[in-house]
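Report on the following structure.
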Amino acid sequence: MTTNTPGTDIVEAAWQELLASDRVSADLVAAAYAEPRLRQLFPWIGMWELHFSRCTEQRWTWDVPYVGPTAAGPGHTGPYYVEGPSRTRRIGEAGTAREAVAMVVERLPPGCGPAFVGTPGELAAHEGAKEA
């Protein structure tokens, strides 16, 4: 039996909103949603890029690579660039959304699990309490 937690409900609602949006490539969102390790993270978009956060509230985390189109606009299907976790680190380019998603998954931080309900500061405090 599967039980939903508030975090999974929040994350799923965000994914459903993106799946219905034209603010980012439909191919990219579908490929990321199909990957279970990314589907458990909170998705957000900015500048036509698809980002993944380890927490559900702003200012989202920036420790997971993200994907953007090399040419922005509705209906875009590639190629894509993968950067991150900061804007100063270009990982590479991918011809398809699936290839770009694979590049992100290969670079997930250790222990990157379901999105934490809260802010990055609350997430850091939670992780610090677990280590103590």
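Listed here are the residues, each with its yes/no results for (1) modelled with pLDDT of 95 or more; (2) surrounded by 15 or more Cβ atoms within 10 Å (Cβ to Cβ).
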position	(1), (2)
A71	no, no
A94	yes, yes
A100	yes, yes
M103	yes, yes
E106	yes, no
C112	no, yes
P120	no, yes
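Would you check if there is a residue in segment 17-33 being of a type in the set (A, V, I, L, M, F, W, C) and under 30 Å from K130 (Cα atoms)? Checked segment 17-33: at least one residue is of a type in the set (A, V, I, L, M, F, W, C) and under 30 Å from K130 (Cα atoms). Of everything listed in (1) in contact with a His (Cβ under 8 Å, 6 or more places away or on another chain); (2) under 21 Å from E12 (Cα atoms), the single unmet condition for P69 is (2).
Restricted to segment 1-16, and to residues there that are modelled with pLDDT of 95 or more and not aliphatic (A, V, I, L, M), the residue that is surrounded by the fewest Cβ atoms within 10 Å (Cβ to Cβ) is Q16. Check whether at least one residue in segment 81-88 is touching a residue at least 60 places away in the same chain (Cβ under 8 Å), farther than 18 Å from R54 by Cα and not small (G, A, S), and report yes or no. For segment 81-88, residues touching a residue at least 60 places away in the same chain (Cβ under 8 Å), farther than 18 Å from R54 by Cα and not small (G, A, S): absent.
Figure legend. Inter-residue proximity from segment 25-52: first residues surrounded by fewer than 19 Cβ atoms within 10 Å (Cβ to Cβ), second residues among the charged types (D, E, K, R) and outside any loop (DSSP other than H, G, I, E, B), beta-carbon distance below 6 Å, spacing 6+ or different chains. Indicated pairs: Y33/R39. With a requirement of 3 or more residues that are over 13 Å from the mean Cα position of the chain (by Cα) and closer than 21 Å to H126 by Cα, the helices (runs of 4 or more DSSP H) lying completely within segment 1-109 that satisfy it span 6-19.
Picking from residues in segment 110-125 that are free of Cβ contacts under 8 Å to residues at least 24 places away in the same chain and either part of a loop (DSSP other than H, G, I, E, B) or of a type outside the set (A, V, I, L, M) (or both), the one that is nearest to T8 (Cα to Cα) is G111.
If the condition is being closer than 16 Å to Y80 by Cα and touching a Gly at 6+ places or on another chain (Cβ under 9 Å), then segment 25-45 contributes S25, A26, D27, L28.
The values are calculated or read from the model by the stated rules, or taken from the named source; none is laboratory data. If you're wondering where the values come from, they're calculated on a predicted model, not measured in any experiment. Neighbour counts run over all protein chains shown; Cβ positions are idealised from the backbone, glycine included.
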